[in-house]
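A.B. asks: Quick one: structure below, then a few questions.
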Amino acid sequence: MAVATSYDHEQPIPGDSAAAGYDPNYVPDSVKSFVVHMYRHIREKNVYEIHQMYETSFQSISDRFFKDAPWPSVDSVAPYVDNDHVFCLLYREMWFRHLYARLSPTLKQRIDSWDNYCNLFQVVLHGVVNMQLPNQWLWDMVDEFVYQFQSFCQYRAKMKNKTEQEIALLRQFDQAWNVYGVLNFLQALVEKSTIIQILEQEKEGLEQFTATDGYDYSGGSNVLKVLGYFSMIGLLRVHCLLGDYHTGLKCLLPIDISQQGVYTSVIGSHITTIYHYGFANLMLRRYSEAIREFNKILLYIFKTKQFHQKSPQYEQILKKNEQMYALLAISLSLCPQVQLVEETVNLQLREKYGEKMMRMQRYDEEAFALYDELFSYACPKFITPSAPSYEEPLVNYNQDAYRLQLKLFLYEVKQQQLLSGVRTFLKVYSTISIGKLSTYMEVDEPTLRTILMTYKHKTHAVDSDGKITSNADIDFYIDDDMIHVVESKPAKRYGDYFMRQIVKLEGIMTDIDRIKLEDDSRVEILISHGIRSKREGGENHRGAGIQAGMSGIQDCQGRG
Amino acid sequence: MGREISNAPTNQKQQSSMAYTVEQLVAVNPYNPDILPDLENYVNEQVSSQTYSLNANLCLLRLYQFEPERMSTQIVARILIKALMATPAPDFSLCLFLIPERVNICLTMCLYLSLQTSRFRQFWDEVAKSRHILEVVPGFEQAIQEYAVHVLSLTYQKVRRSVLAEAVNIEGPSLDKFLDHHIANSGWVIEKNESKGQLIILSRNEFNHPELKKSTADGVPLDKIARIIPILG
């Protein structure tokens, strides 16, 4: 491999590629070798090597040569890859992603990146690619596409400091990152890939998708199919950014999140899916559903995060982890179903938010401030999708969408203001009269009746076909003047427990067998764990084995 | 058709033949600005024909969100009233999430807040004040009465006549008729009580009679058993 070359280390001005010291046409040897090898592996459909280069080499070359400068321009590397059109599109996709991550893109670069996505997706949609790319990379494309859209909306909404030139560019290229364009690309990928039908057919055993992690082992390409699959998650995210939670959840419907699937094959996609699913459910007042899914993913992250320490996504994983604890704290404060939370997760939660959660129960001004704080910290970066009015005066509107969602959320909190008070009393009585309780709560009887009905309404969700589900930890009914309290004791599920232990034991026994055989079966294990074990570092067979065992258990819990 | 009272606002949800085509339009073009006029017409049709489509209305609000200059506040108001009628489904808040703050939605917002906190007295007072706006939407009162019955049935086994009257905003002989209807169709029973007057026994469900709750605790689903068969074998 190439050694540090004579690359000029003068600091370029971030975001300005024309700055002194950065020569977009200079290609260091390591980059030459990177593109040549990557190009060859892609042509040979060597997913394992592509993944290695994508996850490891790209990072290390970036760290060494392009910490604060863009990679060499696509034109300067094209000669090394036969000027291959598709490879150049992929290279630019990574080029922009690196730029967004390490520098701040100019408006021109944002527009160019949009163009590149258009070209890349057009190629994929018209079915002229026969590549096999790692899921991680395909996920990153969708993820980055949505991220850049969100980033563009935020950027455009800050109108105050825009130069005349920027405004002229915005007007001229009004199709760049247009919300219709973004949604229609994602939708087209879903439709063209026929992924929804594929998942349907898989249920009947007519098609394989999940079993092969979306890869195509019979010579075809996985690109359109898997992009289509991840686009459903992309749509969920875009709709959440727009505050359209109902539509977002509808887009995710074809993916059964109670089971493992291709979405769990990439940690970033797994987390993004559950984070947005949980958030949307929280906004729709389906708190127990949110709690259940946050609990599962937080437990999963807790057990597996060590395997991702070296991954470029590690920081992002930790950030989403913290945000989801905040969302869990909110959900549990509004709906104290603690029994849905696993002990490990609960301990972490108490450590992080125990004290705040106590104060959130009180429903005074300070409690509202805490709901506000946690929500603001953990919510998605909401966007206003429409173009601004370019007429004077130019105003910033980048906070509008966030403020609206926050306000509506706090309305909801306010509506539930008196419920925690009722809850406290109901916990200590098996029967109590309306009169007595109203004295305790210092309200008159008619008001108490409205509070009790509100409690019922807020704790019972009604879905679209009229089915009522109860979220209540403590329930009651009223016989004229007398309140009868019903404590819902979670039934002990012995069957479930034994099933889990059986699977767990089997996992451990398999691991032990594997350790014994390790020396002579190194190769097989590597193959059987494919990419997953690779990501966790070189000599991690046991880790991979344990993880595989664990994901079995995880799966079992998922269905419970 | 007779009056149908059930927990879900089903009477709003019959589909007309027009509904079919607009629903299809939405399914095929969820992100197409060209269908905006069709969706606006469809809102008016939902109002006049007492039908309802949340999906179509959300799609329209989405298009307004993308192109605010095309927004009609009158249509937004109608969507919100229809969504209010769908309570206890969370439709109203789903719509709110998509409507920018500068749009004036005071009336429906006010109605929504009193409905969400079960302050029916306040709600009906507000309704009386804005009769001219709400009268345009047929079936409004009836839909809210259904919701009131829904939340009463979650809460009470037996409820006093006066409490019921306040929630549904019906009194005297009309209330007797209302009760007769429910006695015939929902299994309500009236109990005379010396000191308290009429007590109405509402229909039994697992929420006001917790003993009716089905226990699913002991079952183990088949797919889980299938999972361990190879291990046991």
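A.B. asks: Taking the stated definitions as given, is A:ARG110 crowded, with 20+ Cβ neighbours inside 10 Å, in a helix (DSSP H, G or I) and at pLDDT 95 or above?
C.D. replies: In short, yes.
A.B. asks: Of the residues B:SER203, B:SER118, B:SER186, B:SER153, which single one is in contact (Cβ under 8 Å) with a residue 24 or more places away in the chain, under 20 Å from the mean Cα position of the chain (by Cα) and within 8 Å of chain A (Cβ to nearest Cβ)? Write out each step before concluding.
C.D. replies: Details: B:SER203 fails: within 8 Å of chain A (Cβ to nearest Cβ); B:SER186 fails: within 8 Å of chain A (Cβ to nearest Cβ); B:SER153 fails: within 8 Å of chain A (Cβ to nearest Cβ).
B:SER118 is the lone residue from the list that is in contact (Cβ under 8 Å) with a residue 24 or more places away in the chain, under 20 Å from the mean Cα position of the chain (by Cα) and within 8 Å of chain A (Cβ to nearest Cβ).
A.B. asks: Next question. Go over the candidates A:ILE257, A:ILE233, A:ILE198 one by one and state the one that is surrounded by fewer than 23 Cβ atoms within 10 Å (Cβ to Cβ) and closer than 19 Å to A:LEU284 by Cβ.
C.D. replies: Exactly one of A:ILE257, A:ILE233, A:ILE198 is surrounded by fewer than 23 Cβ atoms within 10 Å (Cβ to Cβ) and closer than 19 Å to A:LEU284 by Cβ, namely A:ILE257.
For every residue, the table says whether it meets (1) over 39 Å from the mean Cα position of the chain (by Cα); (2) more than 30 Å from A:ILE383 (Cβ to Cβ); (3) of a type in the set (Ser, Thr, Tyr).
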site: A:LEU408; (1), (2), (3): no, no, no
site: A:VAL422; (1), (2), (3): no, yes, no
site: A:LYS427; (1), (2), (3): no, yes, no
site: A:GLY435; (1), (2), (3): yes, yes, no
site: A:VAL443; (1), (2), (3): yes, yes, no
site: A:TYR455; (1), (2), (3): no, yes, yes
site: A:ALA461; (1), (2), (3): no, no, no
site: A:SER470; (1), (2), (3): no, yes, yes
site: A:ASP475; (1), (2), (3): no, yes, no
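A.B. asks: So which residues in the stretch A:375-420 are over 20 Å from A:PHE152 (Cα atoms), among the aliphatic types (A, V, I, L, M) and either away from every other protein chain (no Cβ under 13 Å) or surrounded by fewer than 18 Cβ atoms within 10 Å (Cβ to Cβ) (or both)?
C.D. replies: A:ALA378, A:LEU406, A:LEU408, A:LEU410
A.B. asks: Could you figure out which of (1) facing chain B (nearest Cβ under 10 Å); (2) without any contact (Cβ under 8 Å) to a residue 24 or more places away in the chain; (3) farther than 29 Å from A:GLY243 by Cβ; (4) buried (at least 16 other Cβ atoms within 10 Å of the Cβ) isn't true of A:PHE425?
C.D. replies: All conditions pass for A:PHE425, except number (1).
A.B. asks: Right, next: Which residue, of B:GLU69, B:GLU126, is over 21 Å from A:THR454 (Cα atoms) and either assigned by TED's automatic domain parsing to the domain that holds B:VAL26 or aromatic (Phe, Trp, Tyr) (or both)?
C.D. replies: B:GLU69
A.B. asks: How many residues does the stretch A:448-466 hold that are out of contact with any Lys or Arg (no Cβ under 8 Å at 6 or more places or on another chain), hydrophobic (A, V, I, L, M, F, W, C) and under 18 Å from A:LYS250 (Cβ atoms)?
C.D. replies: Residues that pass the stated criteria total 1.
A.B. asks: Among the listed residues A:LEU235, A:LEU282, A:LEU249, A:LEU299, identify the single one that is closer than 17 Å to A:LYS320 by Cα, part of a helix (DSSP H, G or I) and within 14 Å of another protein chain (Cβ to nearest Cβ).
C.D. replies: Just one listed residue meets the conditions, A:LEU282.
A.B. asks: Among A:HIS98, A:HIS126, which is the only one that is within 27 Å of A:LEU224 (Cβ to Cβ), touching a Ser or Thr at 6+ places or on another chain (Cβ under 8 Å), without any contact (Cβ under 8 Å) to a residue 60 or more places away in the chain and not polar (S, T, N, Q)?
C.D. replies: Within the list A:HIS98, A:HIS126, the selection yields A:HIS98.
A.B. asks: Here's something else I'd like to know. Can you tell me which condition B:ILE231 does not meet? The list is (1) farther than 30 Å from A:PHE498 by Cα; (2) hydrophobic (A, V, I, L, M, F, W, C); (3) facing chain A (nearest Cβ under 8 Å), and all the others hold.
C.D. replies: For B:ILE231, the failing item is (1).
A.B. asks: Looking only at the stretch A:509-531, decide whether some residue is in contact with a Cys (Cβ under 6 Å, 6 or more places away or on another chain) and either of a type in the set (Lys, Arg) or at pLDDT below 50 (or both).
C.D. replies: No: zero hits.
A.B. asks: Still on this structure: Hey, does the stretch B:162-183 have a residue that's assigned to a strand (DSSP E or B) and within 13 Å of another protein chain (Cβ to nearest Cβ)?
C.D. replies: Taking every residue of the stretch B:162-183 in turn, none turns out to be assigned to a strand (DSSP E or B) and within 13 Å of another protein chain (Cβ to nearest Cβ).
A.B. asks: Among the candidates A:ILE478, A:ILE451, which residue alone is within 11 Å of chain B (Cβ to nearest Cβ), outside any helix (DSSP H, G or I), of a type in the set (Val, Ile, Thr) and crowded, with 19+ Cβ neighbours inside 10 Å?
C.D. replies: Values: A:ILE451 fails: outside any helix (DSSP H, G or I).
Just a single option satisfies the conditions, and that option is A:ILE478.
A.B. asks: Could you grab me the full set of residues in the stretch A:158-214 that are of a type in the set (A, V, I, L, M, F, W, C), part of a helix (DSSP H, G or I) and over 25 Å from A:PRO388 (Cα atoms)?
C.D. replies: A:ALA188, A:LEU189, A:VAL190, A:ILE195, A:ILE196, A:ILE198, A:LEU199
A.B. asks: If A:LYS381 satisfies all but one of (1) in a helix (DSSP H, G or I); (2) among the charged types (D, E, K, R); (3) under 23 Å from the mean Cα position of the chain (by Cα), what's the number of the condition it fails?
C.D. replies: Status for A:LYS381: all satisfied but (1).
A.B. asks: Is the stretch B:23-32 home to any residue that is away from chain A (no Cβ under 12 Å), surrounded by 13 or more Cβ atoms within 10 Å (Cβ to Cβ) and modelled with pLDDT of 90 or more?
C.D. replies: no
A.B. asks: Further, regarding this structure: Assess whether B:GLU194 counts as being over 27 Å from the mean Cα position of the chain (by Cα) and away from chain A (no Cβ under 12 Å).
C.D. replies: yes
The values are calculated or read from the model by the stated rules, or taken from the named source; none is laboratory data. Given the structure is predicted, the values throughout are model-derived calculations rather than measurements. As a convention, Cβ positions derive from the backbone with ideal geometry for all residues, glycine included, and neighbour counts pool all protein chains shown.
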